[in-house]
Structures are given as C-alpha cells and as structure tokens.
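I have placed the structure first, in the form of structure tokens, so that the comments after it can refer back to it.
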Amino acid sequence: MSRFRQRLSVYLLALVFVWGGTSWLFLMWTQLESEGISLPRKAQRHAGDNMLKEEYRIATGRDDVDNATVVFRGDLPPEPMPNEPDFDVVRQLFNITNAGDGGIAFNLDPQKLPLEEQKKYQLAFRKNAMNEYASNIIGVRRRLRDPRLEGCAERYSSAGLPQTSIIICFVNEAWSTLLRLVHSIHDNTPPHLVKEVILVDDGSSWDFLGKPLDAYMTRFPKVQIVRARRGLGLMVARTLGYNYTTAPVITFLDSHCECFPGWLEPLLTPLATDPKVVTTPCIDGIDKNHFGIGVGPDVMVGVVEFPTLQFGWRIEPPREKKRRNSKLEHVRSPAMAGGLFSITREFFDLLGGFDPGMKIWGGENIEMSFKIWMCGGRIETPICSRVGHVFHSHNSYQGLRSGTFAAGDANNARVAEVWMDDYKKYFNHFSSKVRETRYIPGDVSERQKLRERIGCKAFSWYIENVYPEVALPGDGIYSGEIRNEAFPKLCLDMMTSKEGGHPTMFGCHGQGGAQLFDMTDLGEIVSLNRCLARVHGGVFNQKSNWGSGQHVWDFKDKLIQRNNKCLTVNATRHVVMEKCTGKTSQRWSWNYHRPRRKNVLRIDEI
Ligand code: UD2
Ligand code: MN
C-alpha cells in the first residue's frame, strides 16, 4: 500500500512539472510573437529578387528575362534540397542574396554557425569531398558570365553543326552540384544542338538521387535517367549510357561541372568536318571550398606523366606555339583529362569505346588518349570552349566503391599491356618491386586484337610525333648519373621530388632514383619527374614547364650551362650557377644516350 502511494506521488509530481514547463514555453512564445520578434519562415526562401532581372539582362545580353524562368540567387526551387542548410539561421548570419552568382566565390565561416549547423557543414564536406553546405546555399542554378577571349563569340556559329547526346555518369553526387550542371547545360546551350542528356546513376545509395531526382528532371524533357542496378564503375556506366544515345556526336561530362555560355559550339565545330577529331574544353576549376570558378589560362596542354602514367598539365610546348598562328587557334594535347570531351559516334565505335575490363575509376582517359592518336585521330581543345569542374579533396565514393585505387592500378596495367609496346618498361609499376601487386592487367587479349584490327600505329610513333617533349626516365639525350670532376665519388642528387628543394652532391649509390638524370629533347634536365631550374644564381627543383627558359640547358665540352653561366659545385659543396671558366668544379660527366628527336623544338628555336 505504501509503495502504491509512493508511486502516485511521483507521477503527480512529474505531471506538475510537465504542465508547468509547457505553459511557461507557451507564454514565452506568445510574448515573443506579440513583441514582433518572429523569425523568417521557410516559405520566405522562395522570394525572388526582381532587381536581378536587370543584372541578368546586362550579364547575358539577353532580353528574354521573363521567358528565361530565371531562378534568382537566394531563391530555391519549390522542393527543399536534400541536406539543406537551415536557411532561417543562415540568412541571419550571412548575406546570402546572390551567393555564388556569376561564378563568384561564396565564402562562409563555419565557426559562426550554431553547433547543429556546424555539424551539418562538416558532415556534408566529408561525404562529398567538397563544401556541399555552401553549394546548397548557392542553389541549383546560377548565372555564369561569358569569360572567353575576345573574338570567341563571333568565331563559332551553331548553324549546321551535328547534334550531340550528353552523357553524365554519377555516383552519390550532391543534389546541388548535379542539378546546377543540368541547369547550366539548359541555360547555356542552343537547344537544337542537344538531342538528349543521359544521366547514368551508377549505383548511388543516396535516396534523393532516386524518386526526387526523377521528379525534378521531368521539367527537362530531354533528360533521361538510366540506372545501373549495381555500381558498374565509370567506364562501364558510360558505355551503358552510350547505349541510349542517338545523336551522331557523344559528349561526356563529370557530374559536378558547370557549362559556360558558348561551351558547346566550339566542341562540335571541328567534328562537323573531321570525324576523327576529339575535342575537350578548357577546364576551369570550381573551388571545392567556396565554389568560385577561377578562369584559368587559355592554353593548357594535357600529358601523361612518366613514370607514373598519371595525367598532368603543362603550358604549350614551343612546337605547338609555333604551329598555332592565332590566339584562338585550337591547342593539341598528347593526352586528355578524360571527364569532358566530345567524340563522333563513328570514331568512338571504331576505337571500341571504353575497355569493358576496366573497373571503377582511373586509366580510361590514358587509354582513350593513346588510341585516339595512334589510330588516326587527334585531341584538340578549342580554347573558346570553357567548362567548370569541381576538383575534390578525395574520391568521395571510396566508401561505396572499395578498391578504387587497386582498380586504377589494374586499369593502368591494361593500358600499358595493350598500347605501350616496349615503352611499358618506363611505367614504374611494370619495372619496380611493386610489379607483383600493382601490375595485374588481367585478360587483355580482346583489346590487343582490337588494336590489331583497327591497324593502329606503334607507341614509338606516338612518342616521336605527338609527345616528343616527354621525359622518359633513362631515355634522355643524355642519361644516367652526373659526376663532377672535382668530386669524383659524388653524384648530383635531386634529393627530393618536392618542388623548391635544392639538388646537391651526394655519395653515388648507383640505384638510379634521385641520381638518375635525363636531358630531354627540350633541353630540360629531369629527375623524379622534376627539373633543374635556374633562379637568381641558385639551382632549384621545379615542376617541368615546357615554356620556361630557365629550365633549358646545354651540355657541351663537359659544361652544363646556359647563357655563359655554368652549373658549379662551390667550396661548401653546394650546387650553384657561376660564370663559366671551365674549372674542374664546372666539369661534369654524363652518359651519352641518343640523338635528338626530329619533331621537337626548343624554346630558342621558334
Ligand atoms: C578525372 C576525370 C574523370 C575520369 C578520371 C579517371 C576530369 C575533369 N575528370 O578524375 O572523368 O576520367 O579522371 O578515371 O577530367 N563515377 C561513376 N562510377 C564510379 C566512379 C565514378 O559513375 O564508379 C563518376 C563520378 O560520379 C564522376 C565521374 O565518374 O561524375 C568521374 O569521377 P571523378 O569526378 O571522381 O573523377 P576526377 O574528376 O577525379
Ligand atoms: Mn570529376
């Protein structure tokens, strides 16, 4: 009995507390309301800013302001976005009107956010390898100005061009980046050039990429969504998308791009007359933190780095500078980044599309690049075509696609086996200790037969004619250890592949690596894929840049020199530049290797 009474009093006490608390909250709320301190409601986020119409007219030169269904900055589509920031909160802390408009950076200091929002911010960053929180504030549509060189707008017309199908593969892509891409295509492309846009969902696990995406895309009649039942990897996913295309030209894009006005016409123009040209736009970096689009230099050349077989960028080599006779002339590249390009259906089919033996990610761009050139085509960048791309901090789908890096290794091994002939020895995975674990091409017989069937040229042809500026470790005009007469037991040593480091003299170890130096056909002296640069009388390690005079050297009469300044070991055994006198500390020995390639120009030869 007494236990029953005890319990009853506890219940009664609890009831009093709950009732008291609720009425206190209610009173506080009504008081706030009556004092007029009410926070803006979610519904208010739809309010467009009419002032921007005039800006739109000025920025685009278009008069169709009212027809253009412009979604103004700070405005959002009627559906809430997945992972949406709490706009009621964000609006009070930052000026978000026009956030990111025109491709401008939108900076937001996460420290200023309340804890709940900070957590969202961080989680979104981790999941997407980019600042999805900021991207969501920018919204799914923004205007981009035409950033191109003068003359671009007049140079290309959309009349008489072939139609293209656009293929965009994605796996767990953020809502705002994916939609912003589709909107940018819609806003910045003459409609008659696009036959269809195929979105390939490569086994995403995020719910909003299912039905909500279907629903959103119904407003774009040309968009079709193709879904892989499970993750296929980007090569096979692209092939799946390809099976749904019907236009004579195929254009591939990564799922986090934004297309600038006028991006497509220059990509299609060369293909109208030559089915074996493959075009790639200039890729402008969309910053992963603030989503500002930095319009990069006009002329960049894509290459394959040795010994890693990774893709890299250079400025144009002197040979290409000479060939192009105007600023607007297309640039040719030995390799392409791989995500963004247009190719005719005819040539894509001839080349056998993507290698179905490749998995997940990596290497397919190198395969495409080699075979485009070796099988009669070429890679060209019309510099009037610009597309932005988010370069992530890491592969965000790695959790979903375990084995991404192993797949990349295997894909590279396939490229080497099928396309590189004897040159595969210059690929580090082929010749080093890691061969057993990192060089596992699998069955490549079908791809080798394909190459034979098309009758493609040898890899040596590609090197001699398309990429004669290459630095192949051990294949320089001069190659091997570099010894100094004053210190016969010491070798020049690059020490580190880190840029800005000082090469120095070190005991010869005969192991190659940082003591293997090659003089390339351009006159660069390269070790560890870095080259010797002369800066203010010192010698530094820099990333190779073909256009740079301070990277070019002569080796004559044992002197490694340029402009009467010689590579010298000084009294403290540092490697420096000094006036040439021919003293022993300026005399070097190096192994002669081979004559210069014909198809290359040094910077002083144009
Ligand atoms: C670059 C290329 C990319 C591709 C890659 C090498 C550019 C701008 N990007 O790396 O297109 O050539 O090098 O393979 O040139 N994806 C799938 N399924 C997967 C994995 C990825 O559909 O299993 C999608 C992904 O959502 C993205 C695209 O493929 O849209 C490329 O992947 P990425 O953006 O991670 O590649 P990126 O830009 O680092
Ligand atoms: Mn990408």
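The values are calculated or read from the model by the stated rules, or taken from the named source; none is laboratory data. Model, not experiment: these values are computed from the prediction. Neighbour counts are summed over all protein chains in view; Cβ atoms, including those assigned to glycine, are modelled from backbone coordinates with ideal geometry. Quick note on the areas: whole protein, heavy atoms, side chains included, nothing else; ligands and nucleic acids left out. Shrake-Rupley method; radii C 1.70, N 1.55, O 1.52, S 1.80 Å.
Taking amide H as placed 1.01 Å from N in the peptide plane, the amide H of residue 200 sits under 5 Å from that of 168, 169, 170, 226, each at least 5 places away or on another chain.
With protein chains left intact and a 1.4 Å probe, residues in the range 158-265 average 34 Å² of accessible area per residue. The residue list 474, 178, 390 was ranked by how far each Cα lies along the charge dipole of the chain toward its positive end, using unit charges on Cβ atoms, and 474 comes out on top.
Roughly how big is the chain's charge dipole about its Cα centre, with Cβ charges of +1 (Lys, Arg) and -1 (Asp, Glu), in debye to the nearest 20? Present the calculation step by step, with values, prior to reporting the outcome.
Values: 77 positive and 68 negative charges, 300 e Å.
Computed about the Cα centre, the dipole is about 1440 debye.
Run through the range 538-606 and list the trypsin sites (Lys or Arg not before Pro) located in a DSSP loop whose Cβ has at most 10 other Cβ atoms within 10 Å.
598
With N denoting the number of residues in the chain, provide Rg(C-alpha) divided by 2.2 N^0.38 Å, to two decimal places. Don't skip to the answer; put the middle values down first.
Numbers: Rg = 29.6 Å, N = 606, 2.2 N^0.38 = 25.1 Å.
Ratio of Rg to 2.2 N^0.38 Å for the chain: 1.18.
Comparing Cα centroids, the range 122-180 and the range 461-495 end up 42 angstrom apart. Taking each of 321/433; 222/321; 433/556; 127/359; 276/433; 327/543 in turn, the alpha-carbon distance tops 31 angstrom for 321/433; 222/321; 433/556; 276/433.
Summing Cβ point charges (Lys, Arg +1; Asp, Glu -1) relative to the Cα centre of the range 478-605 gives a dipole of roughly 140 debye.
Every helix of 4 or more DSSP H residues in the chain counts as -39500 (n - 2.57), and over all residues that averages to -8500 deg cm²/dmol at 222 nm.
What a 1.4 Å probe finds exposed on the chain is 55% carbon and sulfur by accessible area, rounded to a whole percent. Backbone phi angles across the range 296-307, fed through the Karplus curve with coefficients 6.51, -1.76 and 1.60 (θ = phi - 60°), yield HN-Hα couplings of x, x, 5, 10, 10, 10, x, 9, 9, 7, 10, x Hz in residue order; Gly and Pro are listed as x. Ranking 350, 234 by solvent-accessible area of protein heavy atoms (1.4 Å probe, all protein chains present), from largest to smallest, gives 350, 234.
Of the trypsin sites (Lys or Arg not before Pro) found in the range 320-376, the ones in coil according to DSSP and having at most 13 other Cβ atoms within 10 Å of their Cβ are 327.
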